[in-house]
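Let me begin by presenting the structure, written as structure tokens, before commenting on it.
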Amino acid sequence: MKIWSDFISSQKIQPLQNSNTLSALDETSLLYVGGEDATDFLQNQLSNDINKIDEKSAQLSSFSNAKGRMLGIFRVIKIDGGYLLVLPKSILPTMQQQLQKFIIMSKVILADITDQFALFTVVTDQQELLSNVIYPTDINQVYQSESLISIHLPGSNNQSRFLMLSNNAEEAIDLWTQLSQNLQINDSSSWKLQDIEAGIPTLYPATVGAFVLQMSNLQLIGGVSFKKGCYPGQEVVARMQYLGKLKRRMYLAEVKTSQCPKPGDELTSKQSDKPDGSGKVVDAIQISANLCLLLFIAQIDKTEQNQLVLAGQPDKNITLKTLPYSIVD
């Protein structure tokens, strides 16, 4: 949508905030899954139960390889004629390629349709804005019209967060212009910050294939069904859930540093002078000149005994923060 991209490039981006923001999602993409076999196809590939959603509800889900290692984490939206998977642009080609291998004789279409939509997010606690019908009241609830899709996502700091998808550039610009009178315009880093604060993991090229879904807390935030049928990696996931003991999980933390790590960067034991497999960064963002907020997956015993540091920054203490959902073994 050139009209939309030109408009967004003209907007003045304000300093990063985590409340009352309006942000264009230029690093987010949409993978369309359609065809008469689309529902059965996704049911056989994804970790969650696709039959549990309709056009008024969205779902968090994942796609894994046969070893149970996740290749993608995404939102699934049911639309007329198929489904939309919302995921980072950086992993869409790999996801599409891997899903394509399983189509075989099925009547399924996969297509990158990102350029057909304006994508942005609205985060607010202003009740006068939230009274509009386009903002669903419940988490994962969806509003759909001919030109607009709005999904209510988990937020943080008592803020309501919505993912907005519009296939009409002029209407999207009009809505954005109205909202910008009350909300601060941020870039996509605001979306990343809100996902991190909400304890929602994102996979990037550096972490594709690195984690089993329970390590990323996906079972705690509605990203898996343990009652559905088989899918790639399901045996590994089920064995960990019912027979094993989780040795790694995802944590929210902050580090006083001006050198924020990147997804896939290592965490090591304080006693080690090189990466030792103790943990990896899932996502991170610099929220001030000397403060970084991050999600990381690491060995539970080492983390909770305060034995970990960022590789290359052994003098910077990791301070754990409370996730906005309960941790249940």
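Read-outs throughout are calculated quantities, based only on the coordinates presented, and are distinct from any laboratory measurement. This one's a predicted model, so the numbers in the text were calculated from it and none came from an experiment. Here Cβ is always computed from backbone atoms with ideal geometry, including for glycine, and neighbour counts include all displayed protein chains.
Just a few scattered comments:
- The ranking of Met105, Met215, Met240 from fewest to most other beta carbons within 10 Å of each one's beta carbon is Met105, Met240, Met215.
- Cysteines in the chain lacking any other cysteine Cβ under 4.7 Å from their own Cβ: Cys230.
- Taking segment 2-197 and dividing mean pair separation by its residue count, relative contact order in percent (alpha carbons under 8 Å, at least six apart): 31
- Convex hull of the chain built on C-alpha atoms - directionally averaged projected area, nm²: 16.5
- Distance violations [Cα-Cα > 23 Å] among Lys89/Lys302; Lys256/Lys280; Lys56/Lys89; Lys78/Lys321; Lys89/Lys280; Lys67/Lys321: Lys89/Lys302; Lys56/Lys89; Lys78/Lys321; Lys67/Lys321
- Within the same chain, aspartates and glutamates fewer than 8 places from Lys262 are excluded, and of the rest, those with a Cα less than 14 Å from its Cα are Glu254, Asp283.
- When the charge dipole of the chain is built from unit charges on Cβ atoms (+1 for Lys and Arg, -1 for Asp and Glu) and taken about the Cα centre, the candidate among Leu183, Gln11, Val309 whose Cα reaches farthest toward its positive end is Val309.
- FRET efficiency, 1/(1 + (r/R0)^6) with R0 30 Å, evaluated for Gln178 and Ser258 via beta carbons: 0.20
- Fewest-first ranking of Tyr135, Tyr231, Tyr242, using other Cβ atoms within 10 Å as the exposure measure: Tyr242, Tyr135, Tyr231
- Principal axis dimensions, largest first and in whole angstrom, of segment 208-290 by Cα: 47, 28, 19
- Computed on the chain, with alpha-carbon pairs under 8 angstrom and 6+ residues apart, the relative contact order is 20 percent.
- Dipole magnitude (debye, nearest 20) for the chain, charges at Cβ of Lys, Arg, Asp, Glu: 1280
- The relative contact order of segment 67-162, computed from alpha carbon pairs under 8 Å that lie at least 6 residues apart in sequence, is 16 percent.
- With the highest mean first, a sort of the peptides 137-143, 251-257, 24-30 on other beta-carbon atoms found within 10 angstrom per residue produces 24-30, 251-257, 137-143.
- Diffusion constant of segment 247-329 at 25 °C, which comes from Stokes-Einstein with the Kirkwood Cα-pair radius and 0.890 mPa s, µm²/s: 194
- Counting charges near Arg161 (Lys, Arg +1; Asp, Glu -1) among other residues having Cβ under 15 Å from its Cβ returns a value of -2.
- Sorting the segments 222-228, 73-79 by their mean number of nearby beta carbons within 10 angstrom, highest to lowest, gives 73-79, 222-228.
- Segment 1-119 - Rg (one decimal) and Dmax (whole number), Cα, Å: 15.9, 50
- Summarising the label geometry, the points placed 7 Å from Cα in the beta-carbon direction at Lys67 and Lys316 lie 2.9 nm from one another.
- Burial ordering of Ser278, Ser180, fewest other beta-carbon atoms within 10 Å first: Ser180, Ser278
- Cα-Cα separations in segment 97-172 greater than 22 Å, expressed as whole percent: 40
- Helical runs assigned H by DSSP (4 residues or longer) give the chain a calculated mean residue ellipticity at 222 nm of -5000 deg cm²/dmol, each run adding -39500 (n - 2.57) before division by the residue total.
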